[in-house]
Amino acid sequence: MSQPQPLIQLQQSTDPLPNVQEMQFWLDKAVAWGQADSADTQKDTCLHLSRLKDFLQQLLTHINNMGSTTETMKKLPLLGQFIGRLCWNPYVTADATGRGLLFQCLWGLYSEHPGDAVERKANQWIRKVLCQLATEEDDDAAQTLMKQLGVPLKEYHLKVLRKMVALLQENIGKGCGSLGEINQRCSCDNILVTSEACVPLVTCPEAAPLIGALLQQAVPCVRAALSEDFLDALSSAYSSHCLSLEEQAVVSLWYHNLPSLEEAVLSLLESVLTNTGSTPQTIKQQLAQSLLPKACAQHCSMFLVVNDIFRSILKQAEGNESVKYLIQTFTSCFLRELALLQHQTSVSLKALFPQSPQSLLTPLLTLSSEMPREAWRHHLNWLSGSLQKLTEEEDEGSGDSSSSSSRGLHKVFEAWFLLVQCAHWVQVAVNLLVTSGSEDCGALLWLLTFYHHPTNRGHHRAQQLVHAKEAWTHTHSLFMVAARPVPVDHLQSLVTLLSSRPQQPSPSPLLILSLLANFAVFSQHPLSRSTEILQTVVGRSGLVDEAACVLSSLELRLSEGSCLSSDDNRVHLRIEALQNTLTHMHSAQSPAENQAPTHTHTHSRAGEGAYTHTH
């Protein structure tokens, strides 16, 4: 049975336990007061109110000295009926001292760990009484009293609720630090009891300050835990938009309640995956509104949970570009929030990314803007070589035991997962391929191919690398040769590569479109020629939406400093012009969408789910 610190200081009493006759006297009074609503009843209540409060103080002392609620009810069998009737008497509850004593008696009878059916039933009744005492509006006696006092009924109930919230809030401030003696009972139990009492009030706006205080209460000891019922009720109310919480309270709710955190992540994923118009910019806005990056930066244990969810989703949908955008944008936002809190927390990269290849952590997590641009190519060549070495070890281990093969597959997946999280380096690689010659594009093309086709099984990485080189060659020829008109053979070759071919490994259309978009934006060709090339290839392949998404991502990376350009203003204008062209193309295609088949991201799903199986 919980025994919170009294809110009203009581004198230590040596009086014997109230006898049955005394309890019966006050119960008869409570019954009589509740059965008649007259001037005589009000007068009798006022005459006895002072003695009643003395009796309630005596009762409270004995309740707090009992070993359990069951024991209390055995010795005082009329106690529940007595307190219940007083709680419904507006003449008693209108008095602040009497109301406070009734609240404390209820809290004293509440069992922290109910041991039998009596205590479980008592807990349910207490929660109901607290809720109805604060919100009931159909009490005839209360209406009569309010008319006499000239106070509107709604205002009266709000005052009762606010007073109850204030008393509860005062109660939770008494933790371990308020104990005066070593042997004194730990008052951190107040936090658990108070959170239980709040279960019926979670949707009341007036209870918001108390809920926020409970969620953000420091946890000085293991006894200062919040009730699971309270956390579940909060999570349910918040997810159904029946509860408004301040930012920090939401973060604390996720920290205390793992299911609510998981639900927030899955809700974000569902929103991104079901919205066909998701772009890198809209995904970034959704992430900012979700508070998830900020929450994970404050509690890195939450980041590990969120990262595990993303890891699992990516294994099942490795070809879904929206999932990739979400993961890399989340990681970028998280690292930015973490940097802002560096003076408050220090956590190692190894602790944040325990499963990632340690040699790749710092090189990949370093932002391109933090490194001289002339060092980008050397950095990417090193990254490409390191990743190739990992994949070669996987291939060599594929003929060994299944456990060895699984370990190799796991290492490659974790390396790829980290690359997806740090995809700004992939954008830098594509950007550099615009100015690369055939002799120094190999490592960059391998990195780009690995990003889009991470596994050999089901992807045929070697074949995909051939396709990537072929796509780069055709794109390079289209933009590096000034001949007019545009070479038709190279245009058709790109369209063919973008078309899926049955029973053949198809290259990712996003890989080819990334090359095409970067050449169109960063080449020195006139905008009209770049527009003509992009419009022709995209129009014939039917990948207008995918091309628009690539341009949107490129624009975002440019604003983050992940692109190599000597004239950012010129590049932004070219991106805007190309986006307008694609918008017009999309509008022109819309009437025919119901008749003509459309191309989607399924082109790149030849090996989707490959990481979920052991080969």
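Search region 38-52 for residues being more than 17 Å from GLY100 (Cβ to Cβ) and polar (S, T, N, Q), and hand back the single one that is surrounded by the fewest Cβ atoms within 10 Å (Cβ to Cβ).
It comes out as SER38.
What pairs come out if I take residues in region 298-310 that are under 15 Å from GLN328 (Cβ atoms) and pair them with residues that are among the basic types (Lys, Arg) and in a helix (DSSP H, G or I) whose C-beta lies under 6 Å away, six or more apart or interchain?
Between residues of region 298-310 that are under 15 Å from GLN328 (Cβ atoms) and residues that are among the basic types (Lys, Arg) and in a helix (DSSP H, G or I), there is no close pair.
Per-residue answers, yes or no, for (1) at pLDDT below 50; (2) among the basic types (Lys, Arg):
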position	(1), (2)
CYS563	no, no
ARG570	no, yes
ALA577	no, no
LEU582	no, no
ARG605	yes, yes
THR614	yes, no
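Matching residues to (1) within 20 Å of the chain's Cα centre (by Cα); (2) farther than 26 Å from THR449 by Cα:
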position	(1), (2)
THR282	yes, yes
PHE310	yes, no
LEU341	yes, yes
GLN355	no, no
TRP382	no, no
THR391	no, no
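From the residues in region 74-108 that are more than 21 Å from ALA166 (Cβ to Cβ) and of a type in the set (S, T, N, Q), which one is surrounded by the most Cβ atoms within 10 Å (Cβ to Cβ)?
Out of the qualifying residues, it is ASN89.
For region 393-425, enumerate the residues that are in a loop (DSSP other than H, G, I, E, B) and at pLDDT 70 or above. Show your work before the answer.
Residues of region 393-425 in a loop (DSSP other than H, G, I, E, B): 398-401, 422-423.
Selection gives CYS422, ALA423.
Where residues in region 178-201 are under 27 Å from the mean Cα position of the chain (by Cα) and open to solvent by 10 Å² or more (accessible area, probe 1.4 Å), which of them is modelled with the lowest pLDDT?
Residue satisfying both the conditions and the ranking: PRO200.
I need a count of the residues in region 229-251 that are surrounded by fewer than 16 Cβ atoms within 10 Å (Cβ to Cβ), farther than 12 Å from SER195 by Cβ and in contact (Cβ under 8 Å) with a residue 12 or more places away in the chain. Give the derivation first.
Keep residues of region 229-251 that are surrounded by fewer than 16 Cβ atoms within 10 Å (Cβ to Cβ), which gives 229, 232, 239-242, 244, 246-248.
The next check asks that each one be farther than 12 Å from SER195 by Cβ; those that pass are 239-242, 244, 246-248.
Of the ones still in play, those that are also in contact (Cβ under 8 Å) with a residue 12 or more places away in the chain are 239, 242, 244, 246-248.
Here the count works out to 6.
Go through region 18-30 and give me each residue that's of a type in the set (A, V, I, L, M), within 54 Å of the chain's Cα centre (by Cα) and over 15 Å from THR93 (Cα atoms). Give the steps one after another, and end with the answer.
Filtering region 18-30 down to residues of a type in the set (A, V, I, L, M) leaves 20, 23, 27, 30.
Then keep just the ones that are within 54 Å of the chain's Cα centre (by Cα); that gives 23, 27, 30.
Answer for region 18-30, where residues must be of a type in the set (A, V, I, L, M), within 54 Å of the chain's Cα centre (by Cα) and over 15 Å from THR93 (Cα atoms): MET23, LEU27.
Okay, residues lined up against (1) buried (at least 23 other Cβ atoms within 10 Å of the Cβ); (2) at positive phi; (3) in contact (Cβ under 8 Å) with a residue 40 or more places away in the chain; (4) touching an Asp or Glu at 6+ places or on another chain (Cβ under 9 Å):
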position: PRO509; (1), (2), (3), (4): yes, no, yes, yes
position: LEU516; (1), (2), (3), (4): yes, no, yes, no
position: SER523; (1), (2), (3), (4): no, no, yes, no
position: VAL538; (1), (2), (3), (4): yes, no, yes, yes
position: LEU543; (1), (2), (3), (4): yes, no, yes, no
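What helices (runs of 4 or more DSSP H) lie completely within region 23-101 and have 1 or more residues being over 27 Å from LEU168 (Cβ atoms) and of a type in the set (Ser, Thr, Tyr)?
39-65
How do the pairs read when you match residues in region 564-578 that are farther than 10 Å from LEU527 by Cβ and open to solvent by less than 30 Å² (accessible area, probe 1.4 Å) with residues anywhere that are in a loop (DSSP other than H, G, I, E, B) and at pLDDT below 80, using Cβ under 7 Å and keeping only pairs 6 or more apart or on different chains?
VAL571/SER565
Please find, within region 433-467, the residue that is nearest to the chain's Cα centre (by Cα) out of those that are modelled with pLDDT of 90 or more and under 18 Å from LYS411 (Cβ atoms).
Per the stated criteria, the residue is TYR451.
Considering every residue within region 322-338, establish whether at least one is over 25 Å from PRO509 (Cα atoms), without any contact (Cβ under 8 Å) to a residue 40 or more places away in the chain and either open to solvent by 50 Å² or more (accessible area, probe 1.4 Å) or among the aromatic types (Phe, Trp, Tyr) (or both).
Checked against the condition, which is being over 25 Å from PRO509 (Cα atoms), without any contact (Cβ under 8 Å) to a residue 40 or more places away in the chain and either open to solvent by 50 Å² or more (accessible area, probe 1.4 Å) or among the aromatic types (Phe, Trp, Tyr) (or both), region 322-338 yields no hits at all.
The values are calculated or read from the model by the stated rules, or taken from the named source; none is laboratory data. Remember, predicted model here, so these are calculated numbers, not experimental data. Heads up, the Cβs are rebuilt from the backbone with ideal geometry, glycines too, and the neighbour counts pull from every protein chain shown. Note: areas computed on protein heavy atoms with side chains; ligands, DNA, RNA excluded. Shrake-Rupley method; radii C 1.70, N 1.55, O 1.52, S 1.80 Å.
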